[in-house]
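One structure is given here, and the rest of the page talks about it.
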Amino acid sequence: MSGGQTMRAVRCVEREVRVVDVERPSGDGVRVHVRACGICGSDLHMLDLEMLSVIPGHEFAGVLDDGTPVAIEPLDPCGACDVCRSGRYNLCPRGTEMIFGVGRDGGMAQEVIVPERSLVPLPRGLEPASAFLCEPLAVALHGLRRVGLRGDERVVVIGGGAIGQCAVACAVAAGCETALVARHDHQRACGEKLGAVGVEGTYDVVIDAAGTSSAAEQAVGLARPAGRMLLLGTYWGGMELPGFELAMKEVDVVPANIYGQLGVSRDFDAAAVLLGARPAIADAIITHRMPLEAAAEAFRTARDRSAGSIKVVLEP
């Protein structure tokens, strides 16, 4: 547990990653002592665009003051608007302001204060050191829920980064024959560990986890007639779709945005259960663990696919 009035945290200044002393968080909520925080591809994009004016990190897990281990759903929606009351609080008008690590201080620090609603109980045996992966897994589970995935369907995932690997893990867990298209050998090897097979024929569900126009075009090409296409990546540079082929096949395009809740079941809770039941997911996806003080090196490693990185995690 950190003491005193200050703590160590990551700050990004003019595209440079630094670790500095900042005031310990105070105010309403529950104090979380961070044990692990993943570096997401969106963190790299926001760093390049100089959008990180807060402490970054939206994939994090830790322990409470009493030692209880938790993952954190990094959202603080209003809870009162129509979309919040329907369980689709990911669409709350608060927008990025409600996201820890994007619009408010996040998990690349020794401590964070979050609302009680953000706490995600962990199943026995799942440690915070791996439980930060609940965040990208919840992204994948939310998308598969949106696209109405059934266990008897064939799935192909395009993109071998962490989100793509999480999509593979979730589709395999659902019972689907799942293929992976990835650029790098280490990404394909990770997919194989998670149960992915080679690409053959066309698919009921195609998932673009790369977030590029070329990946979207490839996804449409791999979709069967009347198939479904899930947009799981983030299109930082916009997107173009092959309209003629899309229309001729009548492929349904389904966008997905982070995670939410259906009835009493949160995508995040389902992610924790899945990760607890299948620890091999974390073993395959987490490639690098570094101390918080090595944040600058960790960001460079996360950006460098030649380093064999898929998920790089900081451990305060």
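Angle between the Cα long axis of helix 267-277 and the longest principal axis of the chain, 0 to 90 degrees, nearest 10? Once rounded, the angle reads 90 degrees. With a cut-off of 12 Å between beta carbons, the residues surrounding Val114 carry a summed charge of -3, where Lys and Arg count +1 and Asp and Glu -1. Think of each Lys and Arg Cβ as +1 and each Asp and Glu Cβ as -1; about the Cα centre, that makes the dipole of region 148-255 roughly 200 debye. Under 5 Å from the amide H of Arg289 lie the amide H atoms of Val313, each residue being 5 or more positions distant or on a separate chain, with H modelled from the backbone and absent for Pro and chain starts. Put a plus charge on the Cβ of each Lys and Arg, a minus charge on the Cβ of each Asp and Glu, and nothing anywhere else: the dipole of the chain about its Cα centre is then about 340 debye. Taking max minus min of the alpha-carbon positions on each principal axis, region 148-255 gives extents of 36, 31, 21 Å, largest first.
Ordering Ser306, Ala9, Ile99 by Cα displacement along the dipole of the chain toward the positive end leaves Ser306 in first place; charges were set at the Cβ atoms of Lys, Arg (+1) and Asp, Glu (-1). A simple spin-label model places the labels of His45 and Ala277 3.1 nm from each other, with each point 7 Å out along Cα-to-Cβ. Annotation note: GluC sites (Glu not before Pro) in region 212-316 located in DSSP loop regions with a Cβ neighbour count of at most 12 within 10 Å are Glu240, Glu250. Helix 162-173 and the long axis of the chain differ in direction by around 60°, with both axes built from C-alpha atoms.
Residues Ile286, Ile39, Ile281 in ascending order of nearby Cβ atoms (within 10 Å, fewest first): Ile286, Ile281, Ile39.
Compared with the direct C-alpha span, the chain from Arg303 to Ser86 gains 74.4 nm at full extension, assuming 0.36 nm per residue.
Counting other Cβ atoms within 10 Å as a rough exposure proxy, the listed residues Thr178, Thr68 run Thr68, Thr178 from fewest neighbours to most. When Arg85, Arg266, Arg104 are sorted by how many other C-beta atoms sit within 10 angstrom of their C-beta, beginning with the fewest, the order is Arg85, Arg104, Arg266. Relative to the dominant Cα principal axis of the chain, helix 213-222 is inclined by about 40°.
Can you give the charge dipole size of region 232-310 about its Cα centre, rounded to the nearest 20 debye, using +1 on the beta carbon of Lys and Arg and -1 on the beta carbon of Asp and Glu? Charge dipole of region 232-310: 240 debye, to the nearest 20. Just to be sure I understand, if you calculate percent of Cα pairs over 25 Å apart for this structure, which of [x] 62; [y] 44; [z] 48 do you get? Computed from the coordinates, percent of Cα pairs over 25 Å apart corresponds to [z].
A cut-off under 12 angstrom between Cβ atoms defines the neighbours of Arg145, and their net charge, with Lys, Arg +1 and Asp, Glu -1, is +3.
We did not get these values from a lab; they are worked out from the coordinates using the rules stated. From a predicted model like this one, the values you see are computed outputs, not experimental measurements. Glycine also receives a Cβ, built like all others from the backbone with ideal geometry; neighbour counts cover every protein chain displayed.
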